[in-house]
Amino acid sequence: MRRRRVQLAAVVAVAGLLGVVGAAVAGGGSRDVREHLKGYEEVPAVSSTGSGEFRARINDSRIEYRLSYRDLEGDVLQAHIHLGQERVNGGISAFLCSNLLEPPAGPPPPGTPACPGPRAGTVSGSIEAVDVIGPTGQGIAPGEYNELLRAIRAGVTYANVHSSKHTGGEIRAQLDRGHDDW
């Protein structure tokens with residue numbers, strides 16, 4: 001009787017393990033990220049009524065994202081993913097949206113969506129290798145999607161929304177916060 005229970009437990013354990021492995025393979029190694037943006041995470045901190053949410057499904061070839069923001073104190077100008085650890089500003093890696101024809105960092109890649117607004121909205125899109133613009137001075141060359149992915153996995157990227165009142169960024173959130181478990 002005891003031997004049969006042990007065998008049954010082993011069969012259940014193996015079936016469970018196969019289910020987990022199957023789900024991971026079917027998911028293509030993707031990771032869901034969900035972060036809340038606020039002014040106090042900007043550098044320097046910004047006292048703003050604005051807030052937002054960044055959601056993304058990240059895999060080895062593409063980032064599918066959705067960015068929502070509301071109650072901004074200025075009209076939205078653009079939003080990006082930057083390379084920079086917490087409490088540090090960094091260069092732009094990829095545009096999430098833009099309303100500027102010629103931002104200071106240069107034009108956004110073709111197909112970059114417009115930022116809805118003026119002070120609230122939701123934008124969705126995807127980022128692939130062709131959409132990665134740098135920052136070259138921080139070791140990510142244009143098109144180096146795998147380097148951006150590595151930085152996200154290390155927790156040294158952030159999303160932020162720039163507005164006419166806070167041109168350096170009104171709301172921000174660190175992405176994945178260093179959970180290198182995928």
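The values are calculated or read from the model by the stated rules, or taken from the named source; none is laboratory data. What you are looking at is a predicted structure, and each value in this text was computed from that prediction instead of being measured. In this analysis, Cβ positions are derived from the backbone assuming ideal geometry, glycine residues included, and neighbour counts consider all displayed protein chains.
Give the residue that is surrounded by the fewest Cβ atoms within 10 Å (Cβ to Cβ), with candidates limited to residues of the stretch 55-101 that are in a strand (DSSP E or B) and among the hydroxyl-bearing types (Ser, Thr, Tyr).
68
What's the number of the condition residue 130 fails, among (1) surrounded by fewer than 18 Cβ atoms within 10 Å (Cβ to Cβ); (2) outside any helix (DSSP H, G or I); (3) in contact with a helix residue (DSSP H, G or I) (Cβ under 9 Å, 6 or more places away or on another chain)?
(2)
Just to verify a result, which residue in the stretch 112-127, among those that are assigned to a loop (DSSP other than H, G, I, E, B) and under 18 Å from the mean Cα position of the chain (by Cα), is surrounded by the fewest Cβ atoms within 10 Å (Cβ to Cβ)?
Of everything passing the filter in the stretch 112-127, 114 is surrounded by the fewest Cβ atoms within 10 Å (Cβ to Cβ).
Each row is one residue, and each column tells you yes or no for (1) modelled with pLDDT under 95; (2) closer than 30 Å to residue 80 by Cβ; (3) touching a Phe, Trp or Tyr at 6+ places or on another chain (Cβ under 8 Å).
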site: 10; (1), (2), (3): yes, no, no
site: 14; (1), (2), (3): yes, no, no
site: 18; (1), (2), (3): yes, no, no
site: 22; (1), (2), (3): yes, no, no
site: 31; (1), (2), (3): yes, yes, yes
site: 41; (1), (2), (3): no, yes, yes
site: 45; (1), (2), (3): no, yes, no
site: 52; (1), (2), (3): no, yes, yes
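Would you confirm whether any residue within the stretch 134-153 is touching a residue at least 40 places away in the same chain (Cβ under 8 Å), in a helix (DSSP H, G or I), under 18 Å from residue 56 (Cα atoms) and among the aromatic types (Phe, Trp, Tyr)?
Yes: one or more hits.
Looking at residue 47, is it touching a helix residue (DSSP H, G or I) at 6+ places or on another chain (Cβ under 7 Å), outside any strand (DSSP E or B) and either surrounded by fewer than 19 Cβ atoms within 10 Å (Cβ to Cβ) or of a type outside the set (D, E, K, R) (or both)?
yes
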